[in-house]
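A short write-up of the structure that comes next.
The values are calculated or read from the model by the stated rules, or taken from the named source; none is laboratory data. Bear in mind the structure is a predicted one, so any value in this text is a computation, not a measurement. Here Cβ is always computed from backbone atoms with ideal geometry, including for glycine, and neighbour counts include all displayed protein chains.
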Amino acid sequence: MSLTSKTALVTGSTSGIGLGIARALAQQGANVVLNGFGKPDAIETERAAIESEFGVTAHYSAADMTKPGEIAAMVAEAEQKLGAVDILVNNAGIQYVSAIEEFPVEKWDQIIAINLSSAFHTMRAAIPGMKSRGWGRIINTASAHSLVASPYKSAYVAAKHGIAGLTKTAALELATHKITVNCISPGYVWTPLVEAQIPDTMKARGLTKEQVIDEVLLKAQPTKEFVTVEQVAAIAAFLCSDAASQITGTNLSVDGGWTAQ
Ligand code: NAD
């Protein structure tokens, strides 16, 4: 598989799953547009590493996924600087945990904006170019929470169920244009973010590291193993291949059996 001469824009790719997907697509030869927040030095280090390791062009956009104007400008800039957006990965996401009656209204709006509406805005801006070139791949990072719910995650679960529906609608609209649209639904993914929670949880609950992993983090995941960033990234790369050209409108679970229960 080679993605040489393709350009991939990955939202929320300054860390975690998005960065893993951007690196996997660059490894296949795609030029990439990184997006997300973080320390400028750290972002520049990741951007430069992608260029030097994989011999591609990597561009960074600081667009805020809560701002439709910045999203449209990011897509336009990518098309102008790198020639196209052939692969669009909607991955930026945040979480907030609270009972509905205490859920801050601004947090609800922010999660719906970043985890759901930003994907509508990026697609709206990128689809015309994909249609005109007669090829495209749209991949949305959903979650096991696009299929099942957990208490206290109302905005996240609503947004992730929403992105699963948006994926299916876009797949049908674009089916005859050689543009596929799919979502990937990970369970718990081992990211620095997750790892960093372990010491505090050990202290707060008086548990060992193994107990935190099995009884708290991986309670819902039958394999009792984390999904890795690389596993999710490899599936995203596969969805960009010719072998996946008839896979569209699907929701691919990568959750160690979570949603089989
Ligand atoms: P992460 O915190 O490591 O990465 C999130 C990325 O989104 C970062 O690059 C961050 O800067 C960016 N971001 C946040 N707000 C933004 C904004 N307003 N504008 C632009 N970028 C913004 O988290 P992650 O675990 O890699 O999560 C990535 C995606 O995977 C999310 O959609 C998340 O819901 C989903 N997911 C994660 C897990 C998990 O266990 N980690 C499981 C299922 C789904």
> Among the residues of the stretch 218-243, how many are over 13 Å from the mean Cα position of the chain (by Cα) and crowded, with 18+ Cβ neighbours inside 10 Å?
Replying inline: 6
> Can you spot a residue in the stretch 123-137 that is within 14 Å of the ligand (Cβ to nearest atom) and either among the basic types (Lys, Arg) or within 25 Å of Asn182 (Cα to Cα) (or both)?
Replying inline: no
> How about the stretch 178-222: which of its residues are in contact (Cβ under 8 Å) with a residue 60 or more places away in the chain and either among the small types (Gly, Ala, Ser) or in a helix (DSSP H, G or I) (or both)?
Replying inline: Ser185, Gly187, Pro192, Leu193, Ala220
> When you go through Val75, Val89, Val85, Val32 one by one, which is the residue that is in contact with an Asp or Glu (Cβ under 8 Å, 6 or more places away or on another chain) and closer than 24 Å to Ile114 by Cα?
Replying inline: Val85
> From Pro199, Pro222, Pro192, which residue is of a type outside the set (Val, Ile, Thr) and over 19 Å from Val254 (Cα atoms)?
Replying inline: Pro199
> Can you name every residue in the stretch 144-171 that is touching a strand residue (DSSP E or B) at 6+ places or on another chain (Cβ under 9 Å) and either β-branched (Val, Ile, Thr) or more than 16 Å from the ligand (Cβ to nearest atom) (or both)?
Replying inline: Ile163, Thr167, Lys168, Thr169, Ala170, Ala171
> Only one of (1) modelled with pLDDT of 90 or more; (2) of a type in the set (A, V, I, L, M); (3) surrounded by fewer than 18 Cβ atoms within 10 Å (Cβ to Cβ) fails for Ala142. Which number is that?
Replying inline: (3)
> So which residues in the stretch 122-155 are in a helix (DSSP H, G or I) and of a type in the set (D, E, K, R), if there are any at all?
Replying inline: Arg124, Lys131, Arg133
> Condition test on Ser154, is it hydroxyl-bearing (Ser, Thr, Tyr), closer than 25 Å to Trp258 by Cβ, modelled with pLDDT of 95 or more and over 18 Å from the mean Cα position of the chain (by Cα)?
Replying inline: yes
